[in-house]
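The values are calculated or read from the model by the stated rules, or taken from the named source; none is laboratory data. This one's a predicted model, so the numbers in the text were calculated from it and none came from an experiment. We place every Cβ from the backbone using ideal geometry, glycine too, and count neighbours over all the protein chains shown.
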Amino acid sequence: MPHNWPILTIAECAADEPYSTQIGPFGKALTPDAYLPSGVPLLRGINVNRGRFYDDEFVFISESDADRLAKFESFPCDVLLVHKGTLGQIGLMPEKRRFRRYIMGNSMMRVRTNPSKLLPTYLHYWLRSPSGQQYLLSRVSQVGVPQIQRPLTTLRQAALPVPPPSEQEAIAGVLSALDDKIEQNRRTAQAIEQVARALFRAWFVAFEPIKAKAAGLTSFPSTPQSLFAALPARLVNSELGLVPEAWEVKPLSSVCTLVSGGTPKRTEPSYWHGDVPWYSVKDAPSDGEVWVVNTDERITQDGLANSAARMVPKGCTIISARGTVGKLAMAGTPMAFNQSCYGLLPGDDSSFGYLYLLIQTVVGDLQQRTHGSVFDTITRATFDGLLVVKPPAKVVSSFETVAAPLFDALLAARQESVKLAEIRDYLLPRLLNGSVRMNAANG
């Protein structure tokens, strides 16, 4: 190891206190019938997804159950891991958190370090690194639910290079700064996406500009004046209830063209590892991020030509249509996708942004109309059978002028986050093995 960094186990660096390394409660100690709508939050894999701690989407247990399970409580600076189910997820319990107490669920384990030996942020990044992930995932049993074999022993025996605390702090500081910016972009994207969604609902679900005009107003916020003047001034009855006069009620399939996906033969190496992004549901963006600009897998032009996969343009909405139904994304670059998805292209009187927000609005209805004996599925007939309000092309075009800058901002934030993640993933193993040194640490 460069620079004579010692190799220490997690057990050697754990805090000198009871339960400093701890696995969640077993079996009947905590069962789902103890879950409540409020109380003390229970930590699950969803709370440490993608290397971050997410302080939401909890199930809860009572205070009395939390007292009974006190040795499983998690405190600030605990490093959290998933040992069963979706493996490889790592998180760090933050200093600032929503709730007073947190109890680990039965798929979780934790490390509480001695910070004079090992900073928790440094351990967090080592566990996320290729070396840490390889160590954990090489000890997985594939019988039944994937799980780490002898999880607590495996965790305690993990050995890693441990530089001086000052260098640990410098390394973790650089990586944390990149992650913090990625998280800031995610939060900003959520806020922008909520604005776009609210505008769509105001125009095309609540019909607020038209109601304002019917009430005698001469303008409406976010509505171009030329468009407001051309809007109808009343609502009329339809199969969907009250809709703007002269607006049509049509099948969802009439406002978009469905493009089917496909998968090149896995047994043909020349079809894979090319330059064509190939989307599947695992590439679906987090809530609010909307755009997908890269994918886990890529195919070649030969793979595209010799399969049912088809390219769709930038801006195309992609929806998962089989299994995990209703996950949405916008293609941030031309890409193909697998057979469990549809690409949705706008018709001549529609637009990319309008169509994405329309599908987002009705995705719950699509999910309720799924069928299939093995997997939930939506088909072309599902799109034919769902009615939507179809506004005139001029209205859609005017909405696009308002919404397009929002989608552009979402794409810019996503592209920046992808670049930052690439930088982080490049630096992560090199900082942790000493091949890249920090100036501050060098003195």
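Considering only residues of the stretch 1-30 that are among the small types (Gly, Ala, Ser) and farther than 16 Å from Arg150 by Cα, which is surrounded by the fewest Cβ atoms within 10 Å (Cβ to Cβ)? The extreme case among them is Ala29.
All of Glu239, Glu268, Glu193, Glu289 fail the test of being of a type in the set (Asp, Glu) and either touching a strand residue (DSSP E or B) at 6+ places or on another chain (Cβ under 6 Å) or over 30 Å from Met311 (Cα atoms) (or both), apart from Glu239. Restricting attention to the stretch 379-404, the residues being in a helix (DSSP H, G or I), in contact (Cβ under 8 Å) with a residue 12 or more places away in the chain and of a type in the set (A, V, I, L, M, F, W, C) number 8.
Would you check if Phe407 is surrounded by 13 or more Cβ atoms within 10 Å (Cβ to Cβ) and either farther than 26 Å from Asp349 by Cα or in contact with a strand residue (DSSP E or B) (Cβ under 8 Å, 6 or more places away or on another chain) (or both)? Judged against the criteria, Phe407 is a match. Evaluate the following for Lys96: is it surrounded by fewer than 22 Cβ atoms within 10 Å (Cβ to Cβ) and within 17 Å of Asp55 (Cα to Cα)? Here the answer is yes, as Lys96 does meet what is asked. Is it true that some residue in the stretch 299-306 is within 22 Å of the chain's Cα centre (by Cα) and assigned by TED's automatic domain parsing to the domain that holds Asp275? Looking through the stretch 299-306, none of the residues is within 22 Å of the chain's Cα centre (by Cα) and assigned by TED's automatic domain parsing to the domain that holds Asp275.
Cβ-Cβ contacts under 8 Å between residues 6 or more apart (or on different chains), taken from a first residue in the stretch 183-197 that is closer than 22 Å to Phe53 by Cα and not assigned by TED's automatic domain parsing to the domain that holds Gly288 to a second residue that is polar (S, T, N, Q) and not in a helix (DSSP H, G or I), are listed as Arg186/Ser286.
For the stretch 255-264, give me each residue that is assigned to a loop (DSSP other than H, G, I, E, B) and touching a Gly at 6+ places or on another chain (Cβ under 8 Å). Selection gives Gly261, Pro264. For the stretch 354-362, the criterion of being under 27 Å from the mean Cα position of the chain (by Cα), surrounded by fewer than 16 Cβ atoms within 10 Å (Cβ to Cβ) and not aliphatic (A, V, I, L, M) is met by at least one residue.
Quick check on my filter: what residues within the stretch 106-118 are surrounded by 23 or more Cβ atoms within 10 Å (Cβ to Cβ) and not in a strand (DSSP E or B)? Of everything in the stretch 106-118, just one residue is surrounded by 23 or more Cβ atoms within 10 Å (Cβ to Cβ) and not in a strand (DSSP E or B), namely Leu118.
May I ask you to verify whether Tyr54 is closer than 19 Å to Arg98 by Cβ and more than 24 Å from the chain's Cα centre (by Cα)? No, not satisfied. The conditions of being on the phi < 0 side of the Ramachandran plot, in the same structural domain as Gly274 (by TED's automatic domain parsing) and among the aliphatic types (A, V, I, L, M) are not met by Leu428. When restricted to residues that are at pLDDT 90 or above, in a loop (DSSP other than H, G, I, E, B) and either over 37 Å from the mean Cα position of the chain (by Cα) or polar (S, T, N, Q) (or both), the stretch 211-237 contains 9. Which of the residues that make up the stretch 320-341 are within 16 Å of Asp376 (Cβ to Cβ), part of a strand (DSSP E or B) and either modelled with pLDDT under 95 or within 15 Å of the chain's Cα centre (by Cα) (or both)? Of everything in the stretch 320-341, those that are within 16 Å of Asp376 (Cβ to Cβ), part of a strand (DSSP E or B) and either modelled with pLDDT under 95 or within 15 Å of the chain's Cα centre (by Cα) (or both) turn out to be Ser320, Arg322, Leu328. In the stretch 303-327, what residues are in contact with a Ser or Thr (Cβ under 8 Å, 6 or more places away or on another chain), within 16 Å of Thr257 (Cα to Cα) and touching a residue at least 24 places away in the same chain (Cβ under 8 Å)? Listed by number, the residues that qualify are Ala309, Arg310, Ser320, Ala321. On inspection, Asp55 fails the criterion of being in the same structural domain as Ile90 (by TED's automatic domain parsing), of a type in the set (D, E, K, R) and free of Cβ contacts under 8 Å to residues at least 12 places away in the same chain. Taking the criterion of being small (Gly, Ala, Ser) and not in a loop (DSSP other than H, G, I, E, B), the residues of the stretch 342-360 that qualify are Gly343, Gly353.
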